[in-house]
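S.K.: I am attaching a structure below and will ask some questions about it afterwards.
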Amino acid sequence: MSAARKVNKPGSMGSGRLVLGAVALISIIAALIVVFGVKLNPDVVALLPSRGDAAVLGRYLRGFGGGGLAVVLIESDEESDAAREAADRIAAELAADPTISFAAARLEPGSRVEPLLSWRVADAEGRKRLAEALEPEAMRERLRETRKLLLAPGSSSSSDAIAKDPLRLTAIAYSDRAIGAGVTARPDGYFATPNGKAHLIVIKPKGQALRGADAKAFVESVEKLLDAQRKEHPSLRIRLTGPHAIAASMERMLRRDLEWSGIASVVLASLAFALVFRRLRALVAILPPLALGTLWTGAVAASWPGGISAIAVAFTSIVVGVGFDTGVHVYAAVLDARREGIPAAEAARIARRRTARPVLVAATIAAVAFASLALSSVEALAQLGLLCATGELMTAIAIVATTPEIAALLERGTPPPVTKPAYTRFFSALTATRRRAAIAVGVCVLAGLSAIVSGVHISDSIVAVRPKKLAELEVEDRIFELFGGKAQPWIVLVTDPDRDTAMARADAIAEALASDRDNVARVDALTSLLPAEATQRKRLAERDALDLGAKATALEKALGDVRFSVAPFEPYLESMRKAPSDVFSVDEALKGDLAVVASRYLAEEGGDHLVALHVQLTDADGARAELEQRVHGLDPHASITGYARLESDLHDALAHDMPRIGAVAGVLVAVLLAVSLRRLRDIVLALGVLVVGLGSLFGVVGALGVPLHLYSALVIPVLLGISVDEAMFLLHHGREEESSGSADGEDDPIVRTIVREAPPVITTALTTSAGLLALVFANYEGLRDLGIMGAVGNAANLVVALLLVPAGMRLSQRRRLGPSAAGPVEQNADREHQHRRAENDDGNEREDGERSRD
C-alpha cells in the first residue's frame, strides 16, 4: 500500500483531538460572550465621514441628538375639540411619567416684558421699527390707533394695558419677526393648527437618545400610554417622533435586519449549494463549522465598544456567504481522495493537507481586502470591514479544522462518480480553440468597458443615513408639512468653551442672516427668546442712544395733541426718563420651561458649548454660496452643516475614500497573488479577472440603475478579495492538469480543469452571491444597496473568470497540432506517439514493481 493510503499514526489522531478540543473551548467562550447580546448602535454619527464638514454634522448630532425634544402628533379629520382634549389628557399623564421631565400641549401665556425692555429680544428689523415708533409723528399716529382701540366695544379691559404701553412697543417687538424660535403657539397657547385638526405635545425626556436603554424605556412608557388613548379615541391618529423614538426604532430595525438577513443568507447559500454541488449531506459538514466561525465573529462584535452600527450588521450575511467557499473546496477534496480509493480517515488528513494552504491564502486575501475598509473615514464601514475580515479568517480556520473529519464520516461508503455537468461542456466549447479564446478575451474586454456606455448612477447617500421606512421620520415630515418649515434645514454651528460667548456670536450671525431676505427664507435661533446677556446689553445701549428722556417729552406733547389725559401715563413717562436696564439671567431662564425650547439650540459636547442656528434658504441661485460667504465673513470659526449639505459631503468622502482603499486593497491583493501563484501568466490572468470583473460590474449596475453611493460603492474594493477565489482555484488546478497526463480519455488540460473545477468555483461564487443577496430583505436601504452591489459584482467576476482564465491558458499554450486541428496523417502520428509513450510508461511501472518486490 502506498504511503498516501496508510492510516493515521496515533500522534496524528491525538493532534486531531487536540484541534477539536481547542475549537470546542473557543466556541464555548464565544457563546458565553454572545449570550450577553450584540449591542446595536443606532447613532447615525457612525454613518458619517469623520473628516470635513460631515464631521461637524456628527458633532451637532452628538450634542443635540442625545437629549432632543420628543413630539406627539395628534390629528383629527374633523374640526372638533377631540384633538385638543386628547392633547390635554395625554400631556397631563406624560408629565407624571418618571422618564419625562416636561410635557405640555400648550404654553401658559406669561406676562409681557416691560415695553422699554422689548429691545432685549427684538431683532434688527424690530429695533428699527421701535426707533421709528418713537418719532413725534409716528407717536401721534400710534396714539390715534390706540384711541380707536379704546373706543371699540368691549375694550374697557384693555385700558390698564394701554396705560402701561401707550405706543404698543411690545407688539412691535414681537410681530413680524425675522428670527423665529421654531415653536409657534396659537394665541390660546396651544401648539396646534389654526383649524384645530392637529395638535402637538412637546416632551423633554430625562434619558439620552443615544443610550439604547434610555431610548427604549422612554418609548415603551410613552407608547403604553398612547395605546390606551388610541383605543379610547379611534378616530384620532396619535403618533410619536423625536430623537429617542427614532433611535429606538432604528435599533429595532437593525436587530431585525441582523437576524433575518443572517437566516436568509444561510437559507439562500444552502439552496445555491444544493442546486450546484448536488451533495446535500455536505451541508452537515460545512454548516456547523461555518456556524462556529460566525459565532466566534459574533463574540468579537458583542465585545465591540459602543456596539455595531447600521451598516456593520451586514457582517453575518457576508461571513456566511463567503465562508461557504472554504467548505466547498475542502469537501470536494475529501471526495477526490475517496475516489482515489483512500480510506475515509486518511482522506480527511489528505484533504486538509491539499486544501489548507490555498483556502487559507484565499481567506487571507479576502480578509485583507475587507480590512482595507478600516481606512474609510466612515466609522460604520471601517467596522464592517474589520468584522468581515475577522469572520473570513475565523470561518476558514473552523472549516479547515473540522470539516474534513465530518466529511470523512459522511463519505465512508462508495463515493459518487465524477459528473460532467452540461455547463462545463458549454464553457469548454467557448475556449476550445485559440480563435474562440481570442473572441472570449475580446468579449471580456468589451464587458469591462461597458460602463462607458451604460454610465454610473450616483445615488443619494442620505437614504442610508435617514431610512425612508422609519415611521418616526414620516411623522417628522408630516409635522413640518402641517406647521411649516423643512425637515432638513441648514445648520450654522457656533462652538466655544464659554457659553455666553458662543451665544453672543450666534446672535450676531442670526441677525445678519435674517437681514438677507433674498437668500434666506427663515432663521430659527435662540436669540428670539433668550439672547446672550452681552447681546441684551448691546441692544439696550442701542435703545439708550435714542435719548429716551427727550422722547418722553415728545410723547407727553403727542398725548395732548391726540386728546389723551396725561395723568394715567405719568408712570410710563417717568420710566422713559429713567429707562430700566435690567438684563435677564440666562442661568435663571434655563431653569424654567424655557429650557425645553432652548434645548433645540443650546447643547454641550466635548467640553464645548454648542449653539445652533436653523436656516432655510430661498430658491435663489447662489443662496448657498452667499450663506457660506456671509457666515464665514462674520465669524470664521463658525461651521455650516446639516442634512441639506450632507449629500455633497458624502460624495466628497466617496471621492476621498475610494481611491485610497482601492489602491491599498489592490496592492495587497496583487502582492498576495504573486506570493501564492508565483507565475507571471497566472498572476496577470488573476488580476485581469479582477479588473474586467469590476468594469463589468459598473456596466451591469449602470444598466440596471442600481444606486451607487458611499455605503454601496465601498464594497467594490472588497470584491477584489472575495472574487479572486474563482480565478485562483482555476489557475491552481489548471497548472496541476498541465503538468499531469491525460485523464478519463481527455487530453486537453484546459477542458479537464473546467470539468474538475467549474462546479466548485460556481458553487462558491453563487453561495457568496446568495449570502450578499440576503441583504435585500433588510429594511435599511443602505444594506440593501450594499448587498445588491456585492452579489452582482461577485456573479460578474465568476463569469469573467470562467471565460478569461481558460482563454488565457489557451492563448499562452505553445502552438501544437491537436486532434481538432490536425489532418489525418498528423492525427495518426500523434496517436502512434502516444501509444509508444504509454508502452514506455507501462514498462517503467513493471520495472518499478520488480525492484519493489526485490
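S.K.: So which residues in region 301-358 are touching a Ser or Thr at 6+ places or on another chain (Cβ under 8 Å), among the charged types (D, E, K, R) and open to solvent by less than 10 Å² (accessible area, probe 1.4 Å)?
M.R.: Once the filter is applied, which keeps residues that are touching a Ser or Thr at 6+ places or on another chain (Cβ under 8 Å), among the charged types (D, E, K, R) and open to solvent by less than 10 Å² (accessible area, probe 1.4 Å), region 301-358 yields only D325.
S.K.: Oh, and also: Between V494, V456, V443, which is at pLDDT 85 or above, touching a helix residue (DSSP H, G or I) at 6+ places or on another chain (Cβ under 9 Å) and either open to solvent by 60 Å² or more (accessible area, probe 1.4 Å) or in a loop (DSSP other than H, G, I, E, B) (or both)?
M.R.: The match here is V443.
S.K.: Within region 706-722, can one find any residue that is of a type in the set (S, T, Y), farther than 28 Å from V751 by Cβ and either open to solvent by less than 10 Å² (accessible area, probe 1.4 Å) or without any contact (Cβ under 8 Å) to a residue 12 or more places away in the chain (or both)? Reasoning before the result, please.
M.R.: At the first step, the residues of region 706-722 found to be of a type in the set (S, T, Y) are 711-712.
Within this subset, residues satisfying the condition of being farther than 28 Å from V751 by Cβ are 711-712.
Narrowing the set further to residues that are either open to solvent by less than 10 Å² (accessible area, probe 1.4 Å) or without any contact (Cβ under 8 Å) to a residue 12 or more places away in the chain (or both) leaves 711-712.
There is at least one residue in region 706-722 that is of a type in the set (S, T, Y), farther than 28 Å from V751 by Cβ and either open to solvent by less than 10 Å² (accessible area, probe 1.4 Å) or without any contact (Cβ under 8 Å) to a residue 12 or more places away in the chain (or both).
S.K.: Looking at R810, R837, R815, R851, which one is among the charged types (D, E, K, R), open to solvent by 30 Å² or more (accessible area, probe 1.4 Å) and either at pLDDT 50 or above or closer than 30 Å to R255 by Cα (or both)?
M.R.: Answer to the check: R815.
S.K.: Let me ask something else about it. Only one residue in V615, V597, V586 is of a type in the set (V, I, T) and more than 38 Å from the chain's Cα centre (by Cα). Which one?
M.R.: Residue meeting the stated conditions: V586.
S.K.: Among the candidates T424, T403, single out the residue that is of a type in the set (S, T, Y), at negative phi and at pLDDT 90 or above.
M.R.: Answer to the selection: T403.
S.K.: So, A552, is that one at pLDDT 90 or above, open to solvent by less than 30 Å² (accessible area, probe 1.4 Å) and either part of a helix (DSSP H, G or I) or among the aromatic types (F, W, Y) (or both) or not? Before you say what the answer is, go through the steps one by one.
M.R.: Numbers: at pLDDT 90 or above: yes; open to solvent by less than 30 Å² (accessible area, probe 1.4 Å): yes; either part of a helix (DSSP H, G or I) or among the aromatic types (F, W, Y) (or both): yes.
Taking the combined requirement at face value, the residue satisfies it.
S.K.: Of T495, T527, which residue is polar (S, T, N, Q), under 35 Å from the mean Cα position of the chain (by Cα) and closer than 20 Å to E125 by Cβ?
M.R.: Working: T495 fails: closer than 20 Å to E125 by Cβ.
Unique residue meeting the criteria: T527.
S.K.: Of everything in region 510-529, what is open to solvent by 10 Å² or more (accessible area, probe 1.4 Å), under 10 Å from I179 (Cα atoms) and assigned to a loop (DSSP other than H, G, I, E, B)? Give them in sequence order.
M.R.: S515, L529
S.K.: What is the one condition in (1) part of a strand (DSSP E or B); (2) buried (at least 19 other Cβ atoms within 10 Å of the Cβ) that Y572 does not satisfy?
M.R.: (1)
S.K.: Could you identify the single residue in L559, L610, L627 that is of a type in the set (A, V, I, L, M), in contact with a Gly (Cβ under 6 Å, 6 or more places away or on another chain), surrounded by 17 or more Cβ atoms within 10 Å (Cβ to Cβ) and in contact (Cβ under 8 Å) with a residue 12 or more places away in the chain?
M.R.: Checking each option against the conditions leaves just L610.
S.K.: Moving on. Of all the residues that make up region 364-398, how many are without any contact (Cβ under 8 Å) to a residue 60 or more places away in the chain and farther than 15 Å from T297 by Cα?
M.R.: The number of residues fulfilling the criteria is 2.
S.K.: Something else about it: Can you spot a residue in region 238-252 that is more than 30 Å from P416 (Cα to Cα), modelled with pLDDT of 80 or more, small (G, A, S) and open to solvent by 40 Å² or more (accessible area, probe 1.4 Å)?
M.R.: No, region 238-252 has no match at all.
S.K.: Quick one: in region 362-376, which of the residues that are in a helix (DSSP H, G or I) and hydroxyl-bearing (S, T, Y) is farthest from A396 (Cα to Cα)?
M.R.: Here the residue is S372.
S.K.: Might you check whether a residue that is small (G, A, S) and under 17 Å from D507 (Cα atoms) occurs anywhere in region 621-638?
M.R.: yes
S.K.: Same structure, new question: Quick one: which residue in V792, V751, V805 is open to solvent by less than 10 Å² (accessible area, probe 1.4 Å) and either more than 35 Å from the chain's Cα centre (by Cα) or at pLDDT 85 or above (or both)?
M.R.: Working: V792 fails: open to solvent by less than 10 Å² (accessible area, probe 1.4 Å); V751 fails: open to solvent by less than 10 Å² (accessible area, probe 1.4 Å).
Checking each option against the conditions leaves just V805.
S.K.: Within region 677-688, is there a residue that is among the β-branched types (V, I, T) and open to solvent by less than 20 Å² (accessible area, probe 1.4 Å)?
M.R.: Of the residues in region 677-688, the ones among the β-branched types (V, I, T) are 683-684.
If we keep only those that are open to solvent by less than 20 Å² (accessible area, probe 1.4 Å) too, we end up with none.
No, region 677-688 has no match at all.
S.K.: Of all residues being touching a helix residue (DSSP H, G or I) at 6+ places or on another chain (Cβ under 7 Å), within 20 Å of A332 (Cα to Cα) and small (G, A, S) in region 264-292, which is surrounded by the most Cβ atoms within 10 Å (Cβ to Cβ)? Just the residue, please.
M.R.: If we take residues in region 264-292 being touching a helix residue (DSSP H, G or I) at 6+ places or on another chain (Cβ under 7 Å), within 20 Å of A332 (Cα to Cα) and small (G, A, S), then A269 is surrounded by the most Cβ atoms within 10 Å (Cβ to Cβ).
S.K.: Would you confirm, using the coordinates I've provided, whether A401 is part of a helix (DSSP H, G or I), free of Cβ contacts under 8 Å to residues at least 60 places away in the same chain and open to solvent by 10 Å² or more (accessible area, probe 1.4 Å)?
M.R.: no
S.K.: Ok, one more. For region 72-108, how many residues meet the condition of being of a type in the set (A, V, I, L, M), assigned to a strand (DSSP E or B) and modelled with pLDDT under 90? Lay out the reasoning, then the answer.
M.R.: Taking region 72-108 as the starting set, the residues that turn out to be of a type in the set (A, V, I, L, M) are 72-74, 82-83, 86-87, 90-92, 94-96, 100, 103-105, 107.
This time we only want the ones that are assigned to a strand (DSSP E or B), so: 72-74, 100, 103-104.
Restricting the remaining residues to those that are modelled with pLDDT under 90 gives 100, 103-104.
Qualifying residue count, region 72-108: 3.
S.K.: Test L719 against the stated conditions and say whether it is assigned to a helix (DSSP H, G or I) and within 16 Å of L773 (Cβ to Cβ).
M.R.: Yes; evaluated as a whole, the condition is true for this residue.
S.K.: Return yes or no: is A532 at pLDDT 90 or above, under 30 Å from L594 (Cα atoms), open to solvent by less than 10 Å² (accessible area, probe 1.4 Å) and not polar (S, T, N, Q)?
M.R.: Answer is yes for this residue.
The values are calculated or read from the model by the stated rules, or taken from the named source; none is laboratory data. Keep in mind the model is a prediction, meaning the values are calculated, not measured. Every residue, glycine among them, receives a Cβ derived from its backbone with ideal geometry; neighbour counts consider all protein chains shown. Side chains included, ligands, DNA and RNA excluded: accessible areas come from the protein's heavy atoms. Shrake-Rupley method; radii C 1.70, N 1.55, O 1.52, S 1.80 Å.
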